[in-house]
Amino acid sequence: MATGRLASIPFFKEPGVDLSPFETRCHWRRFDENETLVDYDDISTDVYFLAMGEVRILNRSQSGKEVILGEMRTGAFFGELAALDGIGRSANVTALTRGEVCVVPAPVFRQIVFASEAIADRLFRLLAKRVRELNTRLMEHALLDLRHRLYAELLRLSVPRAGQDGERVVTPPPYHHVLAARIGCRREQVTREFTVMAGEGLIDRTRGALVIRRPDLLEARVQEALREDA
């Protein structure tokens with residue numbers, strides 16, 4: 001029976017898996033806002049499991065331009081690629097809030113994964129999901145203009161709005177420079193597009209949220225743009 005703090009990590013929760021032999025081989029550490037947890041080309045191979053807090057994953061081009069790949073919250077983990085192939089880190093991970101991580105050495109991570117078919121299957125499915133998401137974003141960057149990339153990103157960031165059928169919401173409202181780093185453009189371009197969308201009644205800024213009034217229309221426009229390119 002799994003006991004100890006490792007058993008509190010969602011990824012490792014599996015009946016019949018004894019995590020107790022691995023407890024002393026892992027360590028827990030707290031981090032502060034804006035702290036770098038992993039940086040480009042680091043040679044470390046540990047896997048980080050977020051017990052609390054939120055982090056942002058960034059990639060950097062050869063010219064130094066940073067692209068936001070996404071954010072992760074409590075329950076997620078990062079660093080598994082280096083643990084699997086031993087190659088230097090391919091991204092930067094910086095804390096958006098204070099929090100805590102469980103740091104699992106690569107050999108421990110591999111032992112646990114290989115010891116349980118269910119956990120291995122969980123990892124395979126997660127990696128497949130991430131590859132599909134990256135493929136989707138790659139297609140958007142290759143085929144869509146700025147406006148439609150912004151539509152797609154807002155839809156991806158949003159969730160259904162409670163009590164308002166057909167509407168979606170992004171909470172907290174995203175900063176324009178963050179959206180620009182996500183879709184590969186300048187902050188001023190995002191600001192202009194927001195002005196156009198607000199004028200069309202597609203979005204609305206409320207206290208603590210960005211409301212997408214017509215997500216169905218944004219989705220239709222994205223799909224139409226993809227069909228036109230094809």
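Being surrounded by 16 or more Cβ atoms within 10 Å (Cβ to Cβ), outside any loop (DSSP other than H, G, I, E, B) and modelled with pLDDT under 95 is a property that holds for Glu140. Checking Arg29, Arg60 one by one, the residue that is within 26 Å of Arg156 (Cα to Cα) and basic (Lys, Arg) is Arg60 and no other. Within the stretch 36-56, the residues that satisfy the criterion of being under 18 Å from the mean Cα position of the chain (by Cα) and either surrounded by fewer than 16 Cβ atoms within 10 Å (Cβ to Cβ) or under 19 Å from Asp85 (Cα atoms) (or both) are Thr36, Val38, Asp39, Tyr40, Val47, Tyr48, Phe49, Met52. Ala198: in contact with a helix residue (DSSP H, G or I) (Cβ under 8 Å, 6 or more places away or on another chain), hydrophobic (A, V, I, L, M, F, W, C) and either open to solvent by less than 20 Å² (accessible area, probe 1.4 Å) or over 22 Å from Gly70 (Cβ atoms) (or both), yes or no? No: the conditions fail for Ala198. I'd like the full set of residues that are open to solvent by less than 30 Å² (accessible area, probe 1.4 Å) and either touching a strand residue (DSSP E or B) at 6+ places or on another chain (Cβ under 9 Å) or not assigned by the TED database to the domain that holds Phe114 (or both), limited to the stretch 8-21. Selection gives Ile9, Phe11, Phe12.
Scanning the stretch 155-176 turns up no residue that is open to solvent by 50 Å² or more (accessible area, probe 1.4 Å), at pLDDT 95 or above and among the acidic types (Asp, Glu). For Leu150, the conditions (1) open to solvent by less than 50 Å² (accessible area, probe 1.4 Å); (2) closer than 24 Å to Arg130 by Cα; (3) in contact with a strand residue (DSSP E or B) (Cβ under 6 Å, 6 or more places away or on another chain) all hold with the exception of (3). Checking each residue of the stretch 179-192 against the condition of being farther than 23 Å from Glu54 by Cβ, among the polar types (S, T, N, Q) and at pLDDT below 95 gives no match. The C-beta contact set for the stretch 26-43 (first residue among the polar types (S, T, N, Q), second residue part of a strand (DSSP E or B), distance under 6 angstrom, 6+ apart or interchain) comprises Thr36/Thr94.
Consider the stretch 92-115 and keep the residues that are surrounded by 19 or more Cβ atoms within 10 Å (Cβ to Cβ) and outside any helix (DSSP H, G or I). The one that is farthest from the chain's Cα centre (by Cα) is Val104.
The values are calculated or read from the model by the stated rules, or taken from the named source; none is laboratory data. Predicted model, so just to flag it, every value in this text is computed and none were measured. Cβ sites come from the backbone with ideal geometry, for glycine too, and all protein chains shown count toward neighbours. Areas reflect the complete protein model, heavy atoms only, side chains present, ligands, DNA and RNA absent. Shrake-Rupley method; radii C 1.70, N 1.55, O 1.52, S 1.80 Å.
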